[in-house]
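S.K.: Supplied in structure tokens, the structure appears directly below.
What follows draws every value from the coordinates through simple rules; no lab data is involved. Just so it is clear, the model here is predicted, and its values are computed rather than measured. Neighbour counts run over all protein chains shown; Cβ positions are idealised from the backbone, glycine included.
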Amino acid sequence: MSLTVLYTDSRAPELDVEREIIRPDAVLINARKASLDEVDPEAIAGCDAMVVNRLRVDAAAVARLKRSRMVVRNGVGYDILDVEALGRAGIAACNVPDYGTTEVSDSAIAMMLAFARGTLTYDNALRADLKSGWSHAHNVTSRRLRGACFGLVGMGRIGTASALRAKAFGMQVAFHDPGLPNGAELALGVARARTLTELLGMADVVCIHAELTRENRGMIDAAAVAAMKPGAYVINTARGPICDTAALLAGLKSGRLAAVGLDVLPKEPAGLDDPLVAAWHADEPWIRGRVILGPHAAFYSPDAFSDLRRKCAQTVIDYLRDGRLTNCVNAEYLVNRR
């Protein structure tokens, strides 16, 4: 029996990279649809593996997978997968956790540097008026990074990469991550905060590198902002729903926060119905230079995108052909594997 791998919403117009790895072991279907409802029902029912990018795989979608042995999120975060429902159905849920580690950490550090050194602000001021823009005064978020505290919410692969980069700038690094074993801080030479509130009170830069869970959805709210050190930067390149953007906006208005850098937002693509996005878009003098937004692209470089495609394809064929399951994120629920 031939194997079939369904790519529901691949960002690649052609699956040439994937075919080099998977063929001749499987037939690849590149649906490229905006929702699962638009994908051929027979393709969903008949696939041995399904690869998703942004399409949510809930319990109803799981019920349509009559033959599939695995679903792979073509990225790091897997909050779009109902991992419990997949596990109960005997379907392995996997991700690709190691394809853009350096790119995401570089992006977080780049946002911090842009605020501290004013690169974007200076460029925008000069573009608007070469004469009046010729002044350091346009950078309203400038600060010395050496000796400042770089606080990480989440200390996994990307958090660790960001910590090492911050240390290279002479910053003091601290983190909060209840899932990390005791002693990890000793190996890395960083400080560990026992609670989120403790971390927020000591960090000059709050950098979020946590996966999205039920527990941390909306974690950076008004209370969290109030607990932050006055004049802090908040940078999120993880998942948008971790931050309450209305609370961040209020923190900027009050002066509690000096700057906010977001590559991810609660609703994507971003819209003007988000109060922070609307204020940033209006570009009023009080907010100018204090907010940087990105299109959920911190992961991207041509090399990282190639890694993602290759690693995802390898994860698929390793399991379908050889029975070797890697990067499984629902092992605790996975019973009676198909």
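S.K.: Please compute the Kirkwood hydrodynamic radius of the stretch 101-293 from all pairs of different C-alpha atoms, in Å with one decimal. Before the final figure, lay out each step's value.
M.R.: Numbers: mean 1/r = 0.0595 Å⁻¹.
For the stretch 101-293, inverting the mean 1/r across all distinct Cα pairs yields 16.8 Å.
S.K.: What list of ³J(HN,Hα) values in whole Hz, one per residue of the stretch 50-57 in order, does the Karplus curve 6.51 cos²θ - 1.76 cosθ + 1.60 (θ = phi - 60°) give from phi, with Gly and Pro shown as x?
M.R.: 10, 10, 10, 9, 10, 7, 6, 10
S.K.: Let me ask you something else. Note the direction-averaged projected area, equal to a quarter of the hull surface, for the Cα convex hull of the stretch 117-217, in nm². List each step's numbers first, then the result.
M.R.: Details: hull surface 32.2 nm².
Answer in nm², one decimal: 8.0.
S.K.: Would you kindly derive the ³J(HN,Hα) couplings of the stretch 230-243 from the backbone phi angles with the Karplus curve 6.51 cos²θ - 1.76 cosθ + 1.60 (θ = phi - 60°), listing them in order in whole Hz, with x for Gly and Pro?
M.R.: x, x, 6, 9, 10, 10, 10, 10, 9, 9, x, x, 5, 10
S.K.: Could you give the angle, 0 to 90 degrees to the nearest 10, between helix 101-117's Cα long axis and the longest principal axis of the Cα atoms of the chain?
M.R.: 20
S.K.: Ignoring GluC sites (Glu not before Pro) that are buried or in helix or strand per DSSP, and keeping those with at most 15 other beta carbon atoms within 10 Å, what is the longest stretch of the chain between them? Intermediate results must be reported in sequence, preceding the final value.
M.R.: Working: sites that count: Glu14, Glu215, Glu332.
The answer is 15-214.
S.K.: Roughly how tilted is helix 302-322, in degrees to the nearest 10 and between 0 and 90, from the longest Cα axis of the chain?
M.R.: Helix 302-322 sits at roughly 30 degrees to that axis.
S.K.: Check Val71: other-chain or 5+ apart residues with amide H under 5 Å from its amide H, H built from backbone geometry?
M.R.: Amide H neighbours of Val71, under 5 Å, 5+ apart: Met50, Ala92, Ala93, Cys94.
S.K.: Which residues' amide hydrogens lie under 5 Å from the amide hydrogen of Leu152, considering only partners 5 or more residues apart or on another chain, with H built in the peptide plane?
M.R.: For Leu152, the qualifying residues are Ala174, Phe175, His176, Cys207.
S.K.: Any chance you could check the Cα centroid distance between the stretch 120-185 and the stretch 1-78 for me, in angstrom?
M.R.: Answer, in whole Å: 38.
S.K.: Still on this structure, I have one more. As I understand it, the value is the acute angle between the Cα axis of helix 245-254 and the longest principal axis of the Cα atoms of the chain; what does it come to in degrees, rounded to 10?
M.R.: Rounded to the nearest ten degrees, it is 10.
S.K.: Using +1 on the beta carbon of Lys and Arg, -1 on that of Asp and Glu, and nothing else charged, what's the dipole of the chain about the Cα centre, debye to 20?
M.R.: Values: 40 positive and 39 negative charges, 126 e Å.
Dipole of the chain, to the nearest 20 debye: 600 debye.
S.K.: How high is the relative contact order of the stretch 1-149, in percent, with contacts defined as C-alpha pairs under 8 Å that are six or more residues apart? Intermediate results must be reported in sequence, preceding the final value.
M.R.: On the way: 211 pairs, mean separation 24.0, N = 149.
Once divided by the residue count of the stretch 1-149, the mean separation gives 16 percent.
S.K.: Next question. Please give me the summed charge of the neighbours of Asn53: other residues whose Cβ is under 10 Å from its Cβ, Lys and Arg +1, Asp and Glu -1.
M.R.: Values: positive: Arg11, Arg32, Arg54, Arg73; negative: Asp9.
Local charge sum for Asn53: +3.
S.K.: What does the charge count near Ala174 come to, summing +1 for each Lys or Arg and -1 for each Asp or Glu among other residues with Cβ under 14 Å from its Cβ?
M.R.: Details: positive: Lys167, Arg192, Arg194, Lys229; negative: Asp177, Glu185, Glu198, Asp204.
That works out to 0.
S.K.: Which ³J(HN,Hα) values, rounded to whole Hz and listed in residue order, are derived for the stretch 267-279 from phi using the Karplus coefficients 6.51, -1.76 and 1.60 in 6.51 cos²θ - 1.76 cosθ + 1.60 with θ = phi - 60°, glycine and proline given as x?
M.R.: Working through the residues one at a time gives 10, 10, x, 5, x, 6, 6, 7, x, 5, 4, 5, 5 Hz.
S.K.: Quick query: amide H of Gly294 versus all other amide H atoms, modeled in the peptide plane; which residues come in under 5 Å with a sequence gap of 5 or more or a different chain?
M.R.: For Gly294, the qualifying residues are Leu262, Asp263, Val264.
S.K.: Hey, another quick one. Quote the relative contact order of the chain in percent (integer), defining contacts as alpha-carbon pairs under 8 Å separated by 6+ residues. Display every interim value, and only then the final one.
M.R.: Working: 665 pairs, mean separation 66.2, N = 338.
So the answer I get is 20 percent.
S.K.: Arranged by the count of other C-beta atoms within 10 angstrom, fewest first, what order do Leu36, Leu130, Leu81 take?
M.R.: Values: Leu36 20, Leu130 9, Leu81 24.
Ascending Cβ contact count within 10 Å gives the list Leu130, Leu36, Leu81.
S.K.: Quick check: net charge around Ile44, other residues with Cβ under 12 Å of its Cβ, Lys/Arg +1 and Asp/Glu -1? Spell out each step's value before the answer.
M.R.: Details: positive: Lys33, Arg64, Lys66, Arg67; negative: Asp37, Glu38, Asp40, Glu42, Asp48.
For residues surrounding Ile44, the net value is -1.
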